[in-house]
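Here the structure is laid out as structure tokens; the discussion comes afterwards.
The values are calculated or read from the model by the stated rules, or taken from the named source; none is laboratory data. Everything quoted here is computed from the prediction, not taken from an experiment. Every residue, glycine as well, gets a Cβ built from its backbone with ideal geometry; the counts of neighbours run over all protein chains shown.
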Amino acid sequence: GAGVSQSPSNKVTEKGKDVELRCDPISGHTALYWYRQRLGQGLEFLIYFQGNSAPDKSGLPSDRFSAERTGESVSTLTIQRTQQEDSAVYLCASSLGFTSGIQYFGAGTRLSVL
Amino acid sequence: DAKTTQPPSMDCAEGRAANLPCNHSTISGNEYVYWYRQIHSQGPQYIIHGLKNNETNEMASLIITEDRKSSTLILPHATLRDTAVYYCIVRAGGVSNFGNEKLTFGTGTRLTIIP
């Protein structure tokens with residue numbers, strides 16, 4: 001079946017603009033995760049959803065970052081008033097449930113803030 | 001904190017076994033060892049995981065020491081497509097404790113397969 005799908009694959013924006021990144025998880029996966037990966041670095045956890053609720057938002061770097069999930073499916077990560085330090089690859093992953101450590105990752109959205 | 005220590009880079013000749021070490025000396029009794037890899041410009045890919053017994057699947061083998069303080073991922077016959085960054089991660093299993101659901105990635109080992 002289809003894997004985790006993210007869109008857009010690339011996004012170039014100007015400093016101060018808002019951006020929305022989308023994630024379509026694998027059908028039936030109740031857990032969904034957002035990570036950020038800066039150039040040459042490891043992945044940083046941002047937020048986790050179980051169903052439509054977000055029990056762990058501890059990784060969101062500032063109040064400019066928010067995320068929602070609807071219908072236990074699609075999730076959107078929104079970054080308001082983007083800054084140059086927001087430039088990174090944003091990765092989404094899904095898993096069957098929160099107890100599973102097997103996460104399936106999308107290819108990511110490469111965000112460039114000019 | 002990643003709670004694991006890996007060498008930053010390794011080389012392996014094509015066709016040979018690649019042995020990637022990982023130290024996790026502070027691992028708890030309920031924590032599993034997971035291995036993921038990230039090929040350039042792709043998202044991470046799950047490889048294998050284990051608690052205390054050695055595990056094998058179609059991709060790799062995982063050897064965990066008896067004291068569980070270290071493990072080795074073995075790619076038995078490395079190919080050029082195995083060139084990637086390999087991440088060793090410890091994560092609690094079973095019933096969720098708040099904050100334990102995520103994967104905590106360190107800097108991993110950059111494995112280069114040499115033709």
Residues that are at negative phi, within 8 Å of chain B (Cβ to nearest Cβ) and touching a residue at least 40 places away in the same chain (Cβ under 8 Å), drawn from segment A:93-114: A:Ala93, A:Phe98, A:Gln103, A:Tyr104, A:Phe105, A:Gly106, A:Ala107
Looking at this structure, is B:Thr104 of a type outside the set (Phe, Trp, Tyr), farther than 29 Å from A:Thr30 by Cβ and either within 13 Å of another protein chain (Cβ to nearest Cβ) or surrounded by fewer than 20 Cβ atoms within 10 Å (Cβ to Cβ) (or both)? no
Quick check on my filter: what residues within segment A:54-96 are modelled with pLDDT under 95, assigned to a loop (DSSP other than H, G, I, E, B) and not charged (D, E, K, R)? A:Ser58, A:Gly59, A:Leu60, A:Pro61, A:Ser62, A:Thr70, A:Gly71, A:Ser73, A:Leu96
Only one residue in B:Tyr46, B:Tyr32 is in a strand (DSSP E or B) and either in contact (Cβ under 8 Å) with a residue 24 or more places away in the chain or over 15 Å from the mean Cα position of the chain (by Cα) (or both), so which one is that? B:Tyr32
Kindly provide the set of residues from segment A:9-55 that are over 16 Å from A:Ala67 (Cα atoms), under 15 Å from the mean Cα position of the chain (by Cα), of a type outside the set (Lys, Arg) and surrounded by fewer than 16 Cβ atoms within 10 Å (Cβ to Cβ), ordered by number. A:Ser9, A:Asn10
Against the condition at pLDDT 90 or above and either assigned to a strand (DSSP E or B) or surrounded by 14 or more Cβ atoms within 10 Å (Cβ to Cβ) (or both), how does A:Ser100 come out, does it pass? no
Total residues in segment A:1-45, condition in a strand (DSSP E or B) and closer than 13 Å to B:Glu101 by Cβ: 6
It is to be established whether one or more residues within segment A:8-21 are free of Cβ contacts under 8 Å to residues at least 24 places away in the same chain, of a type in the set (S, T, N, Q) and within 12 Å of another protein chain (Cβ to nearest Cβ). no
